[in-house]
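The values are calculated or read from the model by the stated rules, or taken from the named source; none is laboratory data. These numbers were taken from a predicted model, which means no experiment stands behind them. Neighbour counts run over all protein chains shown; Cβ positions are idealised from the backbone, glycine included.
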Amino acid sequence: MIGDDAGFESQVYNNTVCKTPNIDALAKRSVTFRNAFTTVSSCSPSRSTIFTGLPQHQNGMFGLHQTFNNFNSFEAVRSLPLLLKKANVRTGIIGKKHIGPETVYPFDFSYTEYNCGLFQCGRNITHMKNLAREFFQGSQNDSRPFFLFMGFYDNHRCPPGGRFGEFCEKFGNGEPGMGIIPDWKPLHYTPEEVAVPYFIQDTPAARKEIANQYTSISRLDQGVGLILKELRQAGFEDNTLVIFSSDNGIPFPGAKTNLYSPGMAEPYLVSSPDAPERWGQLSDALASLLDITPTALDWFGIDYPTYKIFGPNKVQLTGKSILPVLKQEPSTGWDTVFASHDMHAVTDYYPMRVIQKKQLKLIHNLWYKMPYPIAGDIFTSYTFKDLLERTREGTPTGWIRTLKEYYYRAQWELYDLNSDPKELTNLIDEPAYQDIVKELRQELLAWLRTTDDPWICSPGGVLVGQACQSLDNGA
């Protein structure tokens, strides 16, 4: 189960205001990961990593899939649904898919934006519940094991100025013209009571949007509860692995499309019926969305195939199965994650590469001489408009950065998250950290080589064959 632009607005992650009783209940049957991350802070690229176990630069989903963006994974990619189908596992998807092509991502049971519409199959939790029931009933009469992906559309923003509100929080609430979702009991919040994250300015405009975001989260949470109830009533609760996470950071400035912590960090709950001894416990292992495909393959006992996409290297998964973590907290081996982002929309080009090793984080901004682009749904938000207006007027924004600092970034950024969790003090030029920088850069480069990153020579060189040729451009 993947929320869309969902974050840490739940009691599970210490938000005491936003009520999420169903996610809380799932956490009591799960290991809750406190250090889990997406590998790319954009929707289609992130979903491609979930379904392939490969970073976006390797699987080909460099940006968004829909309309003029038109990005697709490479035809040679062996995705999780493709591998499961070949291994005689029944597959289903309900809700937001947002990836292609269909030949790479086939499902036996499919109700997505392509045949159902995102409002009905992604936000109407009653309709989603009924579709899940149909899928589970099909599996009751089928000897094959199953894999079901629930792609909730909450809490993605809605088009600005629309009648359903900033987060479609009015859709299906029973008010005139809004329709009704029978199973949803909307929860409402005042701007004064919300908890404002450190990376969002504490202003009336931002508070109002967060309050509406919370209402849409109530629909996501109740949808999670409905799907788990259907799973239980179908008799599959005691033999099904359940994962709940999100695709990228929440849709606010400083989060979504960024590889700072608010854009990378994700909720991550994993419930295994085979490891009840760890239910309700926390894990400090650094987990990644790249781990979902190897985890699913491990659960079904399926080997990853040997093949190539492009270049001489055989494809290998750099994530790993988290099933052992569900039985015992690891003492070693779970201290590093990587990230790779090229663009959101095709017009939002800003390639970045990241390694986080324990609490040290290195960011490489390849296009650092260009201003950081703002995604359309962020730009049209009242929160970002508030930042723009205050900046233009010369009044305090209340934000942790200035817009100029946000737009123009250093080529390399190094942060010690223990002493600087907000990532405000760049240590890249500090003499005491130069050995660490060298080590992190070497480890990041090794990962980029393993994953056949076409951008591996940027911005100072061009990849010719398997070697970088210098551009002598000073980068």
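The table for this structure:
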read-out	value
Qualifying residue in the stretch 150-158 (condition: modelled with pLDDT of 95 or more, within 18 Å of Arg47 (Cβ to Cβ) and acidic (Asp, Glu))	yes
Only one of Leu290, Leu317 that is in contact with a Lys or Arg (Cβ under 9 Å, 6 or more places away or on another chain) and under 24 Å from Phe74 (Cα atoms)	Leu290
Unmet criterion (only one of (1) assigned by TED's automatic domain parsing to the domain that holds Pro267; (2) part of a loop (DSSP other than H, G, I, E, B); (3) buried (at least 21 other Cβ atoms within 10 Å of the Cβ); (4) out of contact with any strand residue (DSSP E or B) (no Cβ under 6 Å at 6 or more places or on another chain)) for Gly319	(4)
Selection count, the stretch 447-475, where residues are among the aliphatic types (A, V, I, L, M) and either under 18 Å from Met352 (Cβ atoms) or surrounded by 15 or more Cβ atoms within 10 Å (Cβ to Cβ) (or both)	4
Residue tally, condition within 26 Å of the chain's Cα centre (by Cα) and either under 14 Å from Asp108 (Cβ atoms) or not acidic (Asp, Glu) (or both), over the stretch 162-180	8
Checking Asp386 against (1) crowded, with 20+ Cβ neighbours inside 10 Å; (2) within 30 Å of Arg90 (Cα to Cα); (3) more than 18 Å from the chain's Cα centre (by Cα), the condition it does not meet	(2)
Residues of the stretch 322-340 satisfying the condition of being of a type outside the set (Asp, Glu), under 22 Å from Pro273 (Cα atoms) and in contact with a strand residue (DSSP E or B) (Cβ under 8 Å, 6 or more places away or on another chain)	Ile322, Val325, Leu326, Pro330
Counted residues, the stretch 64-101 - those being under 21 Å from the mean Cα position of the chain (by Cα) and not polar (S, T, N, Q)	18
Complete set of residues in the stretch 259-282 that are surrounded by fewer than 24 Cβ atoms within 10 Å (Cβ to Cβ), under 25 Å from Arg353 (Cα atoms) and touching a helix residue (DSSP H, G or I) at 6+ places or on another chain (Cβ under 8 Å)	Pro267
Hey, Leu226 of a type in the set (A, V, I, L, M), in the same structural domain as Met128 (by TED's automatic domain parsing), touching a Lys or Arg at 6+ places or on another chain (Cβ under 8 Å) and at pLDDT 95 or above or not	yes
Criterion: of a type outside the set (D, E, K, R), surrounded by 15 or more Cβ atoms within 10 Å (Cβ to Cβ) and in a helix (DSSP H, G or I) - qualifying residue of Leu444, Leu414, Leu427	Leu444
Top-ranked residue in the stretch 324-334 [being assigned to a loop (DSSP other than H, G, I, E, B) and in contact (Cβ under 8 Å) with a residue 40 or more places away in the chain; ranked as nearest to Leu445 (Cα to Cα)]	Trp334
Qualifying residue in the stretch 217-236 (condition: touching a strand residue (DSSP E or B) at 6+ places or on another chain (Cβ under 9 Å), of a type outside the set (A, V, I, L, M), touching a residue at least 40 places away in the same chain (Cβ under 8 Å) and more than 22 Å from Ile181 (Cβ to Cβ))	yes
Number of positions in the stretch 245-257 that are surrounded by fewer than 24 Cβ atoms within 10 Å (Cβ to Cβ) and either among the polar types (S, T, N, Q) or under 28 Å from Asp298 (Cβ atoms) (or both)	1
Some residue of the stretch 29-38 being at pLDDT 95 or above and touching a Lys or Arg at 6+ places or on another chain (Cβ under 6 Å)	yes
Qualifying residue in the stretch 335-347 (condition: part of a loop (DSSP other than H, G, I, E, B), touching a Leu at 6+ places or on another chain (Cβ under 9 Å) and either more than 26 Å from Phe252 (Cα to Cα) or at pLDDT below 95 (or both))	yes
